[in-house]
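See structure below.
Laboratory data are not the source of any read-out in this text; all were calculated from the coordinates shown. Quick caveat: nothing in here was measured; it's all calculated off a predicted structure. When we count neighbours, we look across all protein chains shown, and the Cβ atoms used for this are built from the backbone with ideal geometry, even at glycine.
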Amino acid sequence: MIDVSPEVFLVSRPELDYASLAEYLYRVGGEGWLDRLERGEFDAQNLAEVAGRLCYRSWEPGLNPNVTRVRTDQGDYLANILASAHGSVLEHAQFSFVFHNVSRVFTHEVVRHRVGAAVSQESLRFVRLAELPFWFPDWAKQDTELMGRAVELLDHMEEFQRWAAEHFGLDDDGASFGEKKHRTSFMRRLAPEGVATGMVWSANVRTLRHVIESRTAAGAEEEIRLVFGQVAEIMREEAPALFGDYVVTDGAWVPAHRKV
């Protein structure tokens, strides 16, 4: 048994093609907006602003006769987007995370968030478990008797995985991949649901706001609270204008603007 901790890695973020965007803005008379823009650092925010301004042709006053003034500060503009629940423009910006050393308890819960999300999960039908990485919360580690019994149980389960691999001859010369897959699929049934694994999880900003709120709430499962607390910290750095309205209390991230 290996003692591990869940980790979050941001592996993909939006990237705008500013040359192509400039061509479009020239055609609609909005090139002045691009001159005011801070390029590169906060592309997710820039993309959300592009989508929002396109809806109303609000690049400059007068381009839409109904628009006589525009917000020139991006922070103010996006704050109004959140306050008015214009959440559809947030769906264009997507981020991808690797969740490392998360349990099947975690993955069973996070896959419930399907709208605006994509999932690729390590398959224990193919990946053989020679060891059983496992996360223990701090409160459990402080219980000596509990830890002794839990580690003993995990060691027995880990030993079974190694025994079964030898019993089935999975490392013998000539063992086919199809046979390995078949036996490994059976062997995973004798592994605990808390075994640490990995997944890639991608979500757009609108979905991220919802999942961060719901999965850091006090009533959420403790591992998922830990992971999405990390996600929330990352997103506040990545897009402060889109994630700066949260108030954090005892690990719970509560937005000022809900159901955007």
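In degrees between 0 and 90, to the nearest 10, how far off the longest principal axis of the chain does helix 144-167 point, with axes built from Cα atoms? Taking Cα atoms only, the helix is inclined about 80 degrees. Please determine, in degrees from 0 to 90 and to the nearest 10, the orientation of helix 205-215 with respect to the longest principal axis defined by the Cα atoms of the chain, where the helix direction is its Cα long axis. That works out to roughly 50 degrees.
Karplus-derived 3J(HN,Hα) values for segment 237-246, using 6.51 cos²θ - 1.76 cosθ + 1.60 with θ = phi - 60°, are 6, 6, 9, x, 6, 9, 10, x, 8, 7 Hz; glycine and proline are entered as x.
Could you give the size of the charge dipole of segment 132-260 about its Cα centre, using +1 on the Cβ of each K and R and -1 on the Cβ of each D and E, expressed in debye and rounded to the nearest 20?
On the way: 15 positive and 22 negative charges, 160 e Å.
Magnitude of the dipole: close to 760 debye.
Cross-link reach is defined here as a Cα-Cα straight distance under 18 Å, omitting same-chain residues fewer than 8 places apart; for Lys181 the aspartates and glutamates meeting it are Glu122, Glu131, Glu166, Asp171, Asp172, Asp173. Residue order for Ser84, Ser103, fewest other beta carbons within 10 angstrom first, comes to Ser84, Ser103. The mean sequence distance of close C-alpha pairs (under 8 Å, at least 6 residues apart), as a share of the length of segment 34-115, puts its relative contact order at 28 percent.
Each residue of segment 43-60 was assigned a 3J(HN,Hα) from its phi angle through the Karplus expression (A = 6.51, B = -1.76, C = 1.60, θ = phi - 60°), giving 5, 4, 5, 4, 5, 4, 5, 4, 5, x, 5, 4, 4, 10, 6, 9, 5, 9 Hz with x at Gly and Pro. In this simple spin-label approximation, Glu166 and Glu38 carry label points 7 Å from Cα along the Cα→Cβ vector, and these lie 6.0 nm apart. Working from Cα positions, state the angle (0 to 90°, nearest 10) between the long axis of helix 177-187 and the longest principal axis of the chain. Tilt of helix 177-187: around 80 degrees.
Given springs between every Cα pair under 10 Å in a Gaussian network model of the chain, which of Ile212, Ile234, Ile224 has the largest fluctuation? For the chain, modelled as a Gaussian network with Cα springs under 10 Å, the answer is Ile234.
Fewest first, what order do Arg206, Arg112 take by the number of other Cβ atoms within 10 Å?
Numbers: Arg206 22, Arg112 10.
So the ranking, lowest neighbour count to highest, is Arg112, Arg206.
Can you give me the Kirkwood hydrodynamic radius for segment 121-260, using every pair of distinct Cα atoms, in Å to one decimal?
Details: mean 1/r = 0.0553 Å⁻¹.
Here the Kirkwood hydrodynamic radius works out to 18.1 Å.
Taking Asn204, Asn46, Asn80 as the candidate residues, the one with maximal mean-square fluctuation in a Gaussian network model of the chain, Cα springs under 10 Å, is Asn80.
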